[in-house]
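First the structure, in the form of structure tokens, and then the observations on it.
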Amino acid sequence: MSITYHLDYTLPISDFLEQEIQHYFPAVFQKEAVPAVEADLTFRLMASDEKKDTISIQLENGKGVIASNTPVGLLIAFYRLLQEAGVRFLRPSKKYEVLPEVDFAEFSREFHVEETASYAHRGVCIEGADSYENMADFIDWLPKIGMNAFFIQFENPYSFFKRWYEHEFNPYLEKEPFNTWVAQELSDGIDQEINRRGLSHHRVGHGWTGEVLGYSSKFGWESGLKIPEEKKEYVALINGERELIQGAPILTSLDFAHPEIADMMADSIVRYAKERKDVDCLHVWLSDARNNICECEECQKERIADQYVRILNRIDERLNQEGLDTRICFLLYHELLWAPEKEKINNPDRFVMMFAPITRTFEKSYADVDYANIPETKDYIRNQIVLPNSLEENISYLQQWQKVFEGDSFVYDYPLGRAHYGDLGYMKISKTIYRDAAFLDQLGLNGYIACQELRAGFPHNFPNYVMAKTLWNNKADYEELKEDYFKHLYGSDWKEAVDYLEKLSLYTSCDHFNAIGPREDPTLMNRYKIAGNLALNALDLIADHASAAQGLNKDAWMELNLHRTYVMFLTKALEEKAAGNEEAAQRAWKEVLNYIRLHEKEIQPSLDVYRVIEVAKNYAGFKI
């Protein structure tokens, strides 16, 4: 017996959807999937004015229609069908999928779903160090959990690939062959993975200021360069000099009062948009540093946000002339948190506003804010800004921008970019993500893109899972999501694992690892000691379950055992740091370094060793 299906459309994702149908139907329903004109199941796109992904699944007596208003929505609808049959996509990679055997006739007797996503923007932006497989597996996972967008920073992912293939910060692994040609070949493959799934393709971000100066954005944060004399007139004047900040084009601002700058940026951006029509949302950001704004006489007459908006309007004019419908995403970040005083965007339909509160706390959620007492924004003082940690102050800047721009917008947030390394159970950060995502519509925001490591699953990927499920349905119940996820990950004794993880989260701190608050803190010192003892005493619990479990559950308990030792080492280092015992903290940190470097191949998909070391060095105060 077989299940016949018909794809009632011709789009680039049709080949991929057909591949997925033929993979999962035999695995789950034990029936071959066969294409046919007169079929049991029809997959189709439906006409709709709704801009958010909408899905419809209508089955009766083994026959029916699976439909959506978008290509990626149709893929999401297919995966939703599988989830209703008991399939679970717990982590990136097919290795971590739960595939039950289901009677298709019984399952499809009568089944109906009609849903629209709570938010239009639901995606992830790459950070950290990644292999091609890491990136491809994560992209594959996104529509399976209801996400619809992937964002590659820069012209290509050169920086992120380079960190992995050259094994930066891990001397125990030998460098692999890598160069710009390898990076481009891998990048082209990743583009295909994005496009064949119909994911919304976001691209670039920082790097346009460097492009104006003749440096390619593909090299990310390259440094040690020197600006040629003939280009110095374009560079921001700071303390009487026009030089690259730290020798890095990406950190360097421009003299935006220079009469040629706006056209130079527009030329570069429009040229890229013409070449890359597969990019749906092109991010146009300024430099990735603060307090580097031009101090020339003309620039000091206005905020940089006013200069930025004029450039955005110029880009829009040029794109209109070329007949391009590429959307442009602009950024509220660093000095650009302060809204323009005079300028406004002329064509809001072209633009998406992205709020990026990079220094915010993750010990609280947007839902915890007292919105009746949002403070006034601080005065803008050129090259003397201090970025806010509080949610209240961050939101005050968002509200000022919302007064001058009423178009589409989303938050670009960082829970899995740095803060998660301080939450050793990953449960507190999961709850913050859930509550943030559920609250976004009340902030006037239409979604969420997480700037994060893709290898952010040590010891589990519930933070991303709950993010995706809540962005799809902001009325989803956290406790139900938690139970469903962990009982599939750890098996029948999942509550014991979660109880342990929640206690680890209770006694550790997202903010402390992320350089928010004092380094010395007696209360945190005691909490880290308790967390370390929790890990020490969890050996029998975890080892016994790892021995008895099978399959995916066994893998999860085994990884939790590796994580247990990591927690013991790291909490000791953090305990000494919080106690002010600097020498002891650094000695303990060396044990952490040795452990994660030694075991990186075992935990590679779950823990980004490069990134945790970089964050520990730049924020938590440890040495390499």
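The values are calculated or read from the model by the stated rules, or taken from the named source; none is laboratory data. It should be emphasised that the depicted structure is a prediction, and the values quoted were computed from it without experimental measurement. Neighbour counts are summed over all protein chains in view; Cβ atoms, including those assigned to glycine, are modelled from backbone coordinates with ideal geometry. Ligands, DNA and RNA are stripped out before the accessible areas are found, and what is left, the full protein with its side chains, is counted by its heavy atoms. Shrake-Rupley method; radii C 1.70, N 1.55, O 1.52, S 1.80 Å.
In the set (1) surrounded by 19 or more Cβ atoms within 10 Å (Cβ to Cβ); (2) touching a Lys or Arg at 6+ places or on another chain (Cβ under 9 Å), the condition left unmet by residue 295 is number (1).
Residues in the stretch 138-152 that are assigned to a strand (DSSP E or B) and under 19 Å from residue 420 (Cβ atoms): 151 alone.
Quick check: anything in the stretch 187-199 in a loop (DSSP other than H, G, I, E, B), out of contact with any helix residue (DSSP H, G or I) (no Cβ under 6 Å at 6 or more places or on another chain) and at positive phi? No, that holds for no residue. Does residue 217 meet the test of being in contact with an Asp or Glu (Cβ under 9 Å, 6 or more places away or on another chain), open to solvent by less than 30 Å² (accessible area, probe 1.4 Å) and in contact (Cβ under 8 Å) with a residue 60 or more places away in the chain? Yes.
Within the stretch 537-555, none of the residues are basic (Lys, Arg) and in contact (Cβ under 8 Å) with a residue 12 or more places away in the chain. Residues of the stretch 56-82 that are within 19 Å of residue 196 (Cβ to Cβ) and in contact with a helix residue (DSSP H, G or I) (Cβ under 8 Å, 6 or more places away or on another chain): 66, 68, 72, 74, 75, 76, 78, 79, 82.
Note on the stretch 476-487: residues that are touching a helix residue (DSSP H, G or I) at 6+ places or on another chain (Cβ under 7 Å), closer than 21 Å to residue 99 by Cβ and touching a residue at least 24 places away in the same chain (Cβ under 8 Å) total 3.
Read through the list (1) surrounded by fewer than 16 Cβ atoms within 10 Å (Cβ to Cβ); (2) small (Gly, Ala, Ser); (3) under 21 Å from residue 491 (Cβ atoms); (4) in contact with a helix residue (DSSP H, G or I) (Cβ under 8 Å, 6 or more places away or on another chain), then give the number of the only condition that residue 546 fails. Going through the list (1) surrounded by fewer than 16 Cβ atoms within 10 Å (Cβ to Cβ); (2) small (Gly, Ala, Ser); (3) under 21 Å from residue 491 (Cβ atoms); (4) in contact with a helix residue (DSSP H, G or I) (Cβ under 8 Å, 6 or more places away or on another chain), residue 546 breaks only (1).
Within the stretch 490-533, how many residues turn out to be under 30 Å from the mean Cα position of the chain (by Cα) and part of a helix (DSSP H, G or I)?
The number of residues fulfilling the criteria is 23.
Condition check: without any contact (Cβ under 8 Å) to a residue 40 or more places away in the chain and either β-branched (Val, Ile, Thr) or closer than 18 Å to residue 150 by Cβ (or both). Does residue 466 satisfy that? Answer is yes for this residue.
As a summary of the residue check, residue 47 satisfies the conditions (1) of a type outside the set (Lys, Arg); (2) open to solvent by 10 Å² or more (accessible area, probe 1.4 Å); (3) at pLDDT below 95; (4) part of a strand (DSSP E or B) except for the one numbered (4). Counting only helices (runs of 4 or more DSSP H) that sit completely within the stretch 574-624, those holding 2 or more residues that are of a type in the set (Asp, Glu) and touching a residue at least 24 places away in the same chain (Cβ under 8 Å) correspond to 600-603. The residue that is most open to solvent (accessible area, probe 1.4 Å), counting only those in the stretch 351-385 that are touching a Ser or Thr at 6+ places or on another chain (Cβ under 6 Å) and hydroxyl-bearing (Ser, Thr, Tyr), is 377. Residue count for the stretch 488-526, restricted to those that are free of Cβ contacts under 8 Å to residues at least 24 places away in the same chain and either aliphatic (A, V, I, L, M) or surrounded by 17 or more Cβ atoms within 10 Å (Cβ to Cβ) (or both): 1. Going by the structure shown, is residue 344 closer than 30 Å to residue 314 by Cβ, modelled with pLDDT of 95 or more and of a type in the set (Lys, Arg)? For residue 344, the condition - closer than 30 Å to residue 314 by Cβ, modelled with pLDDT of 95 or more and of a type in the set (Lys, Arg) - is met. The set of residues from the stretch 201-214 being surrounded by fewer than 24 Cβ atoms within 10 Å (Cβ to Cβ) and either part of a loop (DSSP other than H, G, I, E, B) or within 23 Å of the chain's Cα centre (by Cα) (or both) comprises 201, 206, 213, 214. Just one of the listed residues (368, 306, 316) is touching a strand residue (DSSP E or B) at 6+ places or on another chain (Cβ under 8 Å) and at pLDDT 95 or above, namely 316. The strands (runs of 3 or more DSSP E) falling completely within the stretch 54-137 that include 3 or more residues that are crowded, with 18+ Cβ neighbours inside 10 Å map to 54-60, 63-68, 121-127. Summed over the stretch 337-350, the residues that are outside any loop (DSSP other than H, G, I, E, B) and open to solvent by 10 Å² or more (accessible area, probe 1.4 Å) give a count of 3. For the stretch 159-189, the set of residues classified as closer than 17 Å to residue 600 by Cα, open to solvent by less than 50 Å² (accessible area, probe 1.4 Å) and not aromatic (Phe, Trp, Tyr) consists of 163, 166, 167, 170, 173, listed by residue number.
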